[in-house]
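Accompanying notes for the structure given below.
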Amino acid sequence: MATVSDEQGLASGRQAGAASMSGGAGWLPANPAPLGLSGFGLTTLVLSFLNANIVSSRDTAVVLGMALAFGGLCQLLAGMWEFRTGNTFGAVAFSSYGAFWISFWALVNFNVASLGTGAGSAIGLYLWMWGIFTGMLFLCTFASPRALQLLFLLLTVTFILLGIGNSGGNANIIHAGGYVGIATGAVALYIACADIMQAVYKRSVLPVG
C-alpha cells in the first residue's frame, strides 16, 4: 500500500542520494509534502465554502490571512524544501500554488477594485490560466497514486468551472466550482494525513491507491 511519500507519489522525483546533501550520511530531510498539502487543502476548503455560497461570499476577508500565511507562505516553503530533496514535481506544484495563494491575496486586496466593469472577464482569464497549468500537472500524475491523480483532476475542474462562471457572470457555475473545490480540499487533506501517518507509524495506514 503506497502513500504519496513513496517513490511513486509526490516524492517520485527525490534523488536516492538525498541523505548525502547535508554532508551527514545518516541525515534525511523530512517529507515537506504534508505541510504543502495541508496549506493547500485547508485554504482551498475555506474559499470553496465561500464560492459554493455555503458561507456568504461577502465574508471573503476570512480567507485572506490564511491564503497569505498557510496556503501561500507555508506552501511556498514546502516547494522550496521539495527542491532540496530533489522532487521536481512536488517543487513545481507546491511553489506554484503557494504563489497562486499569495497572488490571490494581492488580487483581492489591491487589484480587484481597479478592474471596473471588466472584472469578471479578467478574473475568469486568471482562473482559466491556472486551470490550464493544473491540467498540465494532472498529465504528470499518471505514475502516481490514484489519490494524487484525483486531486489534480478535481483541481483542474474547479479552476475551469470558476473560470467559466466568472467570465460569464454565472453564479450557479461558480457555486458548482465551489462544491468541486470542497472535494478538492478534502482529498488534499486526506493525502496529507496519509503521509503524516506513514511518517509517524512507519507503515501505510490510509490507502491512496
| request: Could you tell me whether SER57 is among the small types (Gly, Ala, Ser) and within 15 Å of the chain's Cα centre (by Cα)? | output: no
| field | Hey, TYR190 in a helix (DSSP H, G or I), under 19 Å from GLY131 (Cα atoms) and not aliphatic (A, V, I, L, M) or not | value | no
| task | Could you pull out the residue among PHE104, PHE110, PHE159 that is closer than 21 Å to VAL62 by Cα and free of Cβ contacts under 8 Å to residues at least 12 places away in the same chain? | result | PHE110
| said: Among the residues in region 179-197, are any farther than 18 Å from THR44 by Cβ and surrounded by fewer than 17 Cβ atoms within 10 Å (Cβ to Cβ)? | reply: yes
| When ASN31 is evaluated against the numbered criteria (1) in a helix (DSSP H, G or I); (2) surrounded by 24 or more Cβ atoms within 10 Å (Cβ to Cβ), which criterion, by number, is the only one it fails? | (1)
| said: Looking for something more than 16 Å from the chain's Cα centre (by Cα) and polar (S, T, N, Q) - is there at least one such residue anywhere in region 122-142? | reply: no
| field | Exclusive hit being hydroxyl-bearing (Ser, Thr, Tyr) and at pLDDT below 90, set SER57, SER38 | value | SER57
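The values are calculated or read from the model by the stated rules, or taken from the named source; none is laboratory data. Since we're looking at a predicted model, the values are computed, not measured. Positions of Cβ are generated from backbone atoms using ideal geometry, with glycine treated the same way; all protein chains shown enter the neighbour counts.
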